[in-house]
Amino acid sequence: MINLKCDCIEELINASQGYIENDTVFENIKILNVFTKEWIYAHVYIYKKWISHVEYNVDKPLMNSKNIVNGNGLFLCPAFVDAHTHIESSLLTPANYAKLVIPHGTLTILEDAHEIANVAGEKGLEYILSSAKDLPMRQLLTVPSCVPSVPNYENSGANFDYKIYEKFLDEKNVIGLGEVMDYEGVINNDERIGKILETARRKNCYIQGHAPLVTGNRLSAYLCANIKSDHEARQVEEVIEKYRQGMWIDIRDANTNHNMPKIMQALKKIGNYERVSFSSDDRRSDVIQKKGHLDGIIRHAYLCGMPLTEAYISASYRPCLEANINNLGAIAPGYVADLNVLADIESVNIKSVYFEGQCVSKNGKLISMLSVDSSGNDLRDTIHVPSFDEEKFKISSQNKKEIINVVEFESYSSSITNLKQIEFPTKNKQVDISSQKDYMYVAVINRYKKDTYTIGVVKNFGINHGAIASTVGHDSHNIAIVYDNSKNALFALQQLIKQKGGFCAIEDGNVIATLELPIAGLMSDEPINIVVDKITKMNEANAQLGNTYIDNPISRITILSLLVCPYVKISDKGIVLTEEKKYISLFD
């Protein structure tokens, strides 16, 4: 468990009165008081890693301090705390992730290691925990609650029962239970998720939520399990209802998510922001580099109408309240000295970042790195596909035409998919979709030594020829391929196996872009700029193949197998109606 209690209280008490020398004092600086919601001049004293005193009478002589930092009229706010994220979705290792986000002012994240746990089980959690040691930030683990996300409807690389939670929920730097995505299981009193939740409740852990479009009595049933938050709310009335029922709203601002304006519209109707935190969720490294991390989310929220001070508090103090983290997220006596110095608060222009009282970043450059990642060598062999040939990518039929159950995206930018029946002709005893606009074949293939796979048809995916393939596929991370013909599909599969996971794009039998992710098929250990450059080239390849509709098309393929998202998705075991938890056949 996380423990931020001061281990030198007597010394801190003496330092607060000037009886012993403080380590650092910030003077001539305007601080954010998260309790009174004001920016006000003050002197801020730090002893070891703790704030010992905040003096609002700035005419009072300074107490003795080893280091005096003249704020020169700048601003000081608590460092940022991310309410919910997945390091793996940045496509970086934990240490490189730290290098990227610390200069943006983020010093604490609630990391749901759901992705790597579904690939590598306990070994994946151990990698995340060990890699986070001695970093100049806190990567606090929420133990993933759904491994696999929907039991019996997909094969992933691990299967967690409640006994694993007995072990990991007591580990150092573990904060609670990760997003409970099996909301249907909770609502219907499923035994497996029920035992996991009971274990977390018995250990008095924070329990994070995930409940897209869950309302009414179903929402009440979900909340009765002591689940506190939701980062999936997207409609105005949905946000209002969840707020009224006591949920924390974690505003997600990831890659292609565009729900911030609607959420702000709802919060304006509610009239307060006291139970609102910010979440970067699946924000990739290229998006962080371009738009920022929580600093970028503050800018976006302010642009969408959230009062600026409220936005800062939702990026710092409120996530700590939500997750029951004491002594963090405020500039006040007894709190950890995690601080951001800003030149301007509207643009969130961060000049320097202090972790536990020590400066770790100046002018956007990291100046302190206390450790490097463990190698992750044990996680570099996770792509195991039984023999697969070109014929398996075809849809065979003895009829002249077939009515197919198609997975149709609501739009080219939406993650919600619906079921649609479309009639296609057959050619050479194969279903032929080439005459229909916006339709592509899709395959989801197990990569964990199981001979399971599903072939289907998808509409409004985005590309119109070639193939896009990925081993990043929420939440099981099986191989997903969207393709126009079996030849391109087989090329894509072979390329993924060769590069030990990641993304690739194929056009006319040629590889036009690759992004190698050899650690669990999810992360690269290459330098940040190289990873970002390869992401950019994958996005360009998606556009070359026809997906010019969204800014970050690389993410598109990762949600085809997301069984906890409405309403129809594809796993390695079949086409699944996600609300009903029901398989349907390819043929109507």
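Just to check your reading of the model, which residue among Ala343, Ala332, Ala311, Ala266 is crowded, with 23+ Cβ neighbours inside 10 Å and either assigned to a loop (DSSP other than H, G, I, E, B) or of a type outside the set (Ser, Thr, Tyr) (or both)?
Of Ala343, Ala332, Ala311, Ala266, the one residue that is crowded, with 23+ Cβ neighbours inside 10 Å and either assigned to a loop (DSSP other than H, G, I, E, B) or of a type outside the set (Ser, Thr, Tyr) (or both) is Ala311.
What is the residue count in the range 28-74 for residues that are surrounded by 13 or more Cβ atoms within 10 Å (Cβ to Cβ), small (Gly, Ala, Ser) and either part of a loop (DSSP other than H, G, I, E, B) or over 35 Å from the mean Cα position of the chain (by Cα) (or both)?
3
Within the range 232-251, track down each residue that is at pLDDT 95 or above and in contact with a strand residue (DSSP E or B) (Cβ under 7 Å, 6 or more places away or on another chain).
Result: Val239, Lys242, Tyr243, Met247, Trp248, Ile249, Asp250, Ile251.
If you go through the range 459-472 one residue at a time, how many are hydroxyl-bearing (Ser, Thr, Tyr) and either in a loop (DSSP other than H, G, I, E, B) or without any contact (Cβ under 8 Å) to a residue 60 or more places away in the chain (or both)?
Residues flagged as hydroxyl-bearing (Ser, Thr, Tyr) and either in a loop (DSSP other than H, G, I, E, B) or without any contact (Cβ under 8 Å) to a residue 60 or more places away in the chain (or both) within the range 459-472 amount to 1.
Taking the range 269-282, which residues are in a loop (DSSP other than H, G, I, E, B), modelled with pLDDT of 95 or more and within 23 Å of Ser89 (Cβ to Cβ)?
Answer for the range 269-282, where residues must be in a loop (DSSP other than H, G, I, E, B), modelled with pLDDT of 95 or more and within 23 Å of Ser89 (Cβ to Cβ): just Ser280.
Collect the residues in the range 75-109 that are of a type in the set (Gly, Ala, Ser) and either farther than 26 Å from Ile249 by Cβ or in contact with a strand residue (DSSP E or B) (Cβ under 7 Å, 6 or more places away or on another chain) (or both), keeping them in residue-number order.
Within the range 75-109, Ala79, Ala83, Ala95, Ala98, Gly105 qualify.
If Ser279 meets every condition in (1) of a type outside the set (A, V, I, L, M, F, W, C); (2) in contact with a Ser or Thr (Cβ under 7 Å, 6 or more places away or on another chain); (3) at positive phi apart from one, which number is that one?
(3)
Determine the pairs where a residue that is under 8 Å from Tyr153 (Cα atoms) and of a type outside the set (Gly, Ala, Ser), located within the range 568-582, has a partner that is at pLDDT 95 or above and in a strand (DSSP E or B) with Cβ atoms under 8 Å apart, the partner being 6 or more residues away or on another chain.
Listed pairs, sorted by first residue: Lys573/Thr454; Lys573/Tyr583; Val576/Val568; Val576/Lys569; Val576/Ile570; Val576/Tyr583; Val576/Ile584.
Here's the yes/no breakdown for (1) free of Cβ contacts under 8 Å to residues at least 24 places away in the same chain; (2) farther than 30 Å from Asn33 by Cβ; (3) not acidic (Asp, Glu); (4) not assigned by TED's automatic domain parsing to the domain that holds Val458:
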{"site": "Asn340", "(1), (2), (3), (4)": "no, no, yes, yes"}
{"site": "Asp344", "(1), (2), (3), (4)": "no, no, no, yes"}
{"site": "Lys351", "(1), (2), (3), (4)": "no, no, yes, yes"}
{"site": "Tyr354", "(1), (2), (3), (4)": "no, no, yes, yes"}
{"site": "Cys359", "(1), (2), (3), (4)": "yes, no, yes, yes"}
{"site": "Ser397", "(1), (2), (3), (4)": "no, yes, yes, no"}
{"site": "Glu410", "(1), (2), (3), (4)": "no, yes, no, no"}
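Which one is surrounded by the fewest Cβ atoms within 10 Å (Cβ to Cβ), of the residues in the range 493-527 that are touching a residue at least 12 places away in the same chain (Cβ under 8 Å) and among the acidic types (Asp, Glu)?
Asp508
Residue by residue, here is whether (1) crowded, with 18+ Cβ neighbours inside 10 Å; (2) in a loop (DSSP other than H, G, I, E, B) holds:
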{"residue": "Phe491", "(1), (2)": "yes, no"}
{"residue": "Asn529", "(1), (2)": "no, no"}
{"residue": "Ile535", "(1), (2)": "yes, no"}
{"residue": "Cys565", "(1), (2)": "yes, yes"}
{"residue": "Ile570", "(1), (2)": "yes, no"}
{"residue": "Ile575", "(1), (2)": "yes, no"}
{"residue": "Glu579", "(1), (2)": "no, yes"}
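Take the residues of the range 101-125 that are over 15 Å from the mean Cα position of the chain (by Cα) and under 20 Å from Ile288 (Cα atoms): which is surrounded by the most Cβ atoms within 10 Å (Cβ to Cβ)?
For the range 101-125, the residue satisfying everything is Leu107.
Which one of these does Thr199 not meet: (1) farther than 23 Å from Asp281 by Cβ; (2) crowded, with 19+ Cβ neighbours inside 10 Å; (3) out of contact with any Lys or Arg (no Cβ under 9 Å at 6 or more places or on another chain)?
All conditions are met except number (3).
As an exercise: evaluate Ser414 against (1) within 24 Å of the chain's Cα centre (by Cα); (2) within 30 Å of Pro78 (Cβ to Cβ) and give the number of the one condition it does not meet.
Answer for Ser414: the failing condition is (2).
Of Ser486, Ser476, Ser470, which residue is buried (at least 19 other Cβ atoms within 10 Å of the Cβ) and over 22 Å from Thr417 (Cα atoms)?
Ser486
Would you mind finding the one in Ile20, Ile29 that is farther than 30 Å from Glu171 by Cα, touching a helix residue (DSSP H, G or I) at 6+ places or on another chain (Cβ under 9 Å) and hydrophobic (A, V, I, L, M, F, W, C)?
Ile20
Could you pull out the residue among Asp475, Asp451 that is among the charged types (D, E, K, R), in a loop (DSSP other than H, G, I, E, B) and closer than 15 Å to Arg556 by Cα?
Asp475
Any residue in the range 241-270 that is closer than 20 Å to Ala323 by Cβ sitting within a Cβ distance under 8 Å of a residue that is of a type in the set (Asp, Glu) and in a helix (DSSP H, G or I)? List the pairs, counting only those 6 or more apart or interchain.
Cβ pairs passing all conditions: Trp248/Glu322; Asp250/Glu322.
From Asp588, Asp533, Asp475, Asp484, grab the single residue that is at pLDDT below 95 and over 21 Å from Asn155 (Cβ atoms).
On inspection, the qualifying residue turns out to be Asp588.
Say whether the condition of being at positive phi, touching a strand residue (DSSP E or B) at 6+ places or on another chain (Cβ under 7 Å) and not aromatic (Phe, Trp, Tyr) is met by at least one residue in the range 400-411.
no
Could you tell me which numbered condition Leu586 fails, if it satisfies all but one of (1) closer than 30 Å to Val180 by Cα; (2) free of Cβ contacts under 8 Å to residues at least 12 places away in the same chain; (3) among the hydrophobic types (A, V, I, L, M, F, W, C)?
(2)
The values are calculated or read from the model by the stated rules, or taken from the named source; none is laboratory data. In this text, all values refer to a predicted model and were calculated from it rather than measured experimentally. Here the Cβ is made from the backbone with ideal geometry for all residues, glycine too, and neighbour counts use every protein chain on show.
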